[in-house]
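What follows is a set of notes on a single structure, which appears directly below.
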Amino acid sequence: MKGNRRKGHRKTLADMFGSLHPLLRFLIKFNIFALPLYAILLTDVKFQPLMDLTTQIAFAVLRLTGIGAVLNGDVISVPVTDGTFGAYVSWDSTGWKSMLALASLIFATDFPFRKKMYGALLLPVVYAINIFRIWFMFYIATINAAYFELAHVTIWSWGLIFAVLALWLIWMKKFPDGKSMSKAA
């Protein structure tokens, strides 16, 4: 027997989990928090209200920035050199994966719960970045629709990953951990 464990005393899950290397513990927790992502992908569930909201906001931003967008059902069309270019905001274009990834990264850490709640405040920032991404895609289409796919697949797929990781790192370094805040209260 090792340490001061009594005979017959079994290690609890918390004991075993706490003794893991911090990186391994983080990876396990991250994957547990990412289970909703896997479930949504496997079941092909879509949340239509989020798709509709994202479409409406993206359309409004396009109009506010002077792009002559037209909304017909769920398709946003913009004028291009030789006619119009149209696309719709799909489930994957709502930013749900990026928001869930950031939430999983935040809640997988060992920081205090209060700091994690501050991190949750960054989820609307990810959503806003995604709205900007949609605006940018339509803007690129107005310049040259041939570049839409390149910008969509290359720049913004990697761009959202970068944005999520950057926000997570900023959160870890700059947001209060709750300890200093509780002293002030």
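Within segment 109-120, how many residues are surrounded by 13 or more Cβ atoms within 10 Å (Cβ to Cβ) and over 17 Å from the mean Cα position of the chain (by Cα)? Residues meeting the conditions: 4.
Can you spot a residue in segment 54-61 that is within 18 Å of Ile170 (Cβ to Cβ) and either crowded, with 18+ Cβ neighbours inside 10 Å or of a type outside the set (Phe, Trp, Tyr) (or both)? Scanning segment 54-61 turns up no residue that is within 18 Å of Ile170 (Cβ to Cβ) and either crowded, with 18+ Cβ neighbours inside 10 Å or of a type outside the set (Phe, Trp, Tyr) (or both).
Among residues of segment 121-164 being over 19 Å from Ala60 (Cβ atoms) and of a type in the set (Gly, Ala, Ser), the one that is nearest to the chain's Cα centre (by Cα) is Ala163.
Of all residues in segment 79-101, one or more are within 21 Å of the chain's Cα centre (by Cα) and closer than 18 Å to Phe175 by Cβ.
Of the residues Ala141, Ala101, Ala166, which single one is under 22 Å from Ile40 (Cβ atoms) and either of a type in the set (Gly, Ala, Ser) or outside any helix (DSSP H, G or I) (or both)?
Exactly one residue qualifies, and that residue is Ala101.
Looking only at segment 55-90, residues that are of a type in the set (Gly, Ala, Ser) and either in a helix (DSSP H, G or I) or over 11 Å from Phe138 (Cβ atoms) (or both) come to 6 in all. Yes or no: segment 82-97 includes at least one residue that is closer than 25 Å to Phe26 by Cβ, among the hydroxyl-bearing types (Ser, Thr, Tyr) and surrounded by fewer than 19 Cβ atoms within 10 Å (Cβ to Cβ). No, there is no match, as no residue in segment 82-97 is closer than 25 Å to Phe26 by Cβ, among the hydroxyl-bearing types (Ser, Thr, Tyr) and surrounded by fewer than 19 Cβ atoms within 10 Å (Cβ to Cβ).
Taking the criterion of being in contact (Cβ under 8 Å) with a residue 40 or more places away in the chain and closer than 28 Å to Val80 by Cα, the residues of segment 19-52 that qualify are Leu50, Met51.
Each reported figure results from applying straightforward, stated rules to the coordinates on display, with no laboratory input. For clarity, every value in this text was computed on a predicted model and none was experimentally measured. All Cβ positions, even for glycine, are placed from backbone atoms using ideal geometry, and neighbour counts span all protein chains on display.
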